[in-house]
Amino acid sequence: MIFSNKIRLLKTYPVIVLGFTSVITQIVSMREFQSVLYGNELVYGLIFTVWMTLTALGVIFGKYLSDNKKIISLITAFQFIIAFLPFLTIYFLRYLRFTLFDFGVALNIIEILYYSIIILSPFCIISGILFTLFSSHLATEGFKLSKSYYYETLGSIIGGIIISLLLLFVFNRFHILILLFILNLSSIISFSQSERAVETIHKKNPVIVLSIILIISSCVLFTFNFDFQSKKYLFNKQKIIESKDTPYGNIVVTKTSEQYNFFLDGIILFSTGNFVDAEESVHYAMSQTDTHKNILLISGGICGLTNEILKYNCSEIDYMEIDPELIRLGIKYTNSDFADKVNVINEDARLYIKKTKKSYDCVIMFLPEPSTAQLNRFYTLEFFRELKSKMTKSSVLTLSLPLTENYVSKEAADLNSSVYLTLKSIFKNVIIIPGGKNYYIVSDKALSYDIGNLIDSRGIENKYVNKYYYDESSTKQRADNIIKSLNSEAKINRDFKPIAYYLHILYLLSYSKINLYLLLTILILPFLIILSRLKPLGIGLFTGGFTAIGAELIILFSFQFIFGNVYYMLSTIITVFMAGIAFGVNSFKKFDNLRKFIASQLLMTIYITVLPVFILFIKQISEYYFASVVIFMILTFIGASFIGIQYSSATGNIRTDLILRKKITHSSSAIVSMAYSADLFGSALGALLISSFLLPWIGIINLGIMLGSMNLMSAIIIIISTKNKQ
């Protein structure tokens, strides 16, 4: 069937909007889940797994609806539903958090699993159904099956670009979702107009009229601050003073009585008036050294640490805080002293340390424990080595981990052991002082537990850390107990083998008495059942999806390890990945589909195996930032293009369908649902296993080899199966 360009645009525009809506809803939802659940990579992997699994189920459900004679009405109905769902998803994500669960209590991984299923099921399932319906409908009108995948990916590319360059900086989350609502209503109008044009119907269409009325009415919603109002569900009995989205997360300032509380993505950073943390974080280290000329403070300045450091009459404090908005709010709501001696630097600390020519007499790290890959970067062998090169011979470093003196579980001991041994491999002396946390004091010079007298001899006046508060013999005994609990066989924490954050996941799971290996086994089992029911080409698509998410995670993690905070580049990397898929779908049209599929899988084998080698090369040339980023983008594009080629060739003709399914079928919806769901199921399993277990445990080099082996085996299975059928 030949359409005019106008009708073709009207028909494909709704598929583009579906991709646009899906990627923006996913980005906004993940940021929101991060704020509500205080997530680490296990949580992110679990939510991505839920997202892609539910979408795959929707794709399969769509197969049973696509043969319905009223497919046009079904598409329109589901379009109306999905227009409302992004808004409702975020609203109920906030509302149900403390409706279903106790306030102030962190959810265990099982609770996160069913909570995310409840929240994400409507949108993911409906979007999956719509994809299959659109694919089937376009196929009946002369479009290739792979075109729906291409146009949805095109929408994702546009969505990724717009949200990264505009939406997150201009609008709050609910205003973004209102814009999505309007866009989906325009999609309904476009789809209805395309059907009218084909059928040459000229009577008034009530669907179009209703959509126009809703678009006009929705403009009123911009006058309401749904974002601010719905956040009240998350901060019970606290007055929200300010809420600000930045490229680094969501900052919320609340007030209880006369105390201000600062939250980043739902995690409490600090509360004003907490003098104990500020004094312990500074004086345990600074009392150990006689020189206080140049001090490096990594985070924490706005919660009083600069005030404590200035007691030593230092010449200059370089205070690192990557988010300038946090500084602005800190100055506004705290009594932090940012005098002339305090040099505020809004830059990633690792990048700064790598390029600075300064040497420091004391380095104070006021960072959370290595609960994520982003935070883990500040607890690795490579970072401590870089840091030491910018410290004087008598310089002292301090950092902290959660307190473990009363009961040291195996998981807590393993985490502390990894960090302790990593520090010991770089510095001569490491002592642990138990206070509100386990404070690590590190130096090449001799260190002392006699903090009280050291403070007193310098004439420093503190409320808590002084000779009356601090008992040397008791502290030394408690510290010895912690040292004795450490495991001398623990692994060193490294950039590309981030074992500490994996150990932190085990540490958190131990609170809920959940065994990670048992949990993963239970979660993996359904995917293994699905995999066992697939024919060879389906196995190839499953493996391709698993590998694709693996390549994306390797690139994202590596970019983060090398260049620092990945938030600025996250949307760009995802957009380039989608562009690669779109290129692959639309390329090599003249080649035989089955051979094209096998060739792409063999090329993916080579690509994913050598990807870690390229990343190690990028690390060596990382000082050339622009060139390094360009290489990252090229690697991302190449890997994604293989996935696009695989999908287009898998849906290309009946020959591939013979291998994909047990029975011969000419149903376009059956081919689409099997191909797309196999890809999504593979991606879902990859998101779960790679982010939470494989990458930190075996490292990126071994992970690349493992993924390459999987693709090679899958290609061999397809080749053997093809020869047997012939």
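Structure notes:
- C-alpha center-to-center spacing [segment 503-531, segment 317-332] in angstrom: 38
- Footprinting exposure proxy for Cys124, Cys303, Cys219 (fewest neighbouring C-beta atoms within 10 Å first): Cys219, Cys303, Cys124
- Of the trypsin sites (Lys or Arg not before Pro) in segment 314-400, those whose Cβ has at most 12 other Cβ within 10 Å and which sit in DSSP loop: Lys357, Lys358
- Loop-located trypsin sites (Lys or Arg not before Pro) in segment 226-306 (DSSP state not H, G, I, E or B) with no more than 16 neighbouring Cβ atoms inside 10 Å: Lys232, Lys237, Lys293.
- 0 to 90° range, to nearest 10: angle between helix 695-725 axis and the chain longest Cα axis: 20
- Candidates per chymotrypsin sites (Phe, Trp or Tyr not before Pro) in segment 348-419, loop by DSSP, up to 10 other Cβ within 10 Å: Tyr407
- In plain terms, the residue of His292, His504, His137 with the fewest other Cβ atoms within 10 Å comes first and the most crowded comes last, giving His292, His137, His504.
- Put the Cα centre of segment 583-622 next to the Cα centre of segment 38-104 and the gap is 32 Å.
- When each of Lys69/Lys144; Lys237/Lys484; Lys144/Lys619; Lys467/Lys497; Lys293/Lys428 is checked by Cα-Cα distance, pairs over 31 Å: Lys237/Lys484; Lys144/Lys619; Lys467/Lys497
- Cα-based helix-to-principal-axis angle, 206-218 vs the chain, degrees rounded to 10: 20
- Distance between the C-alpha centres of segment 387-440 and segment 249-288: 21 Å, rounded to the whole angstrom.
- Against the main long axis of the alpha-carbon atoms of the chain, helix 275-286 sits at an angle near 70°.
- Length added when fully stretched, Glu141-Leu221, from 0.36 nm per residue minus Cα-Cα: 25.0 nm
- Only helical runs count toward this figure. For the chain, summing -39,500 (n - 2.57) over DSSP H runs of n ≥ 4 and dividing by all residues gives -21000 deg cm²/dmol at 222 nm.
- Filter on Lys491/Lys513; Lys311/Lys354; Lys354/Lys424 - keep pairs with C-alpha separation over 30 Å: none
- Kirkwood Rh and Cα Rg combined as Rg over Rh, evaluated for the chain: 1.01
- Counting beta carbons within 10 Å around each of Leu179, Leu401 and listing the fewest first gives the order Leu179, Leu401.
Here, each number is a calculation from the coordinates, and none is a lab measurement. This one's a predicted model, so the numbers in the text were calculated from it and none came from an experiment. FYI the Cβ positions are ideal-geometry reconstructions off the backbone, even for glycines, and counts take in every protein chain you see.
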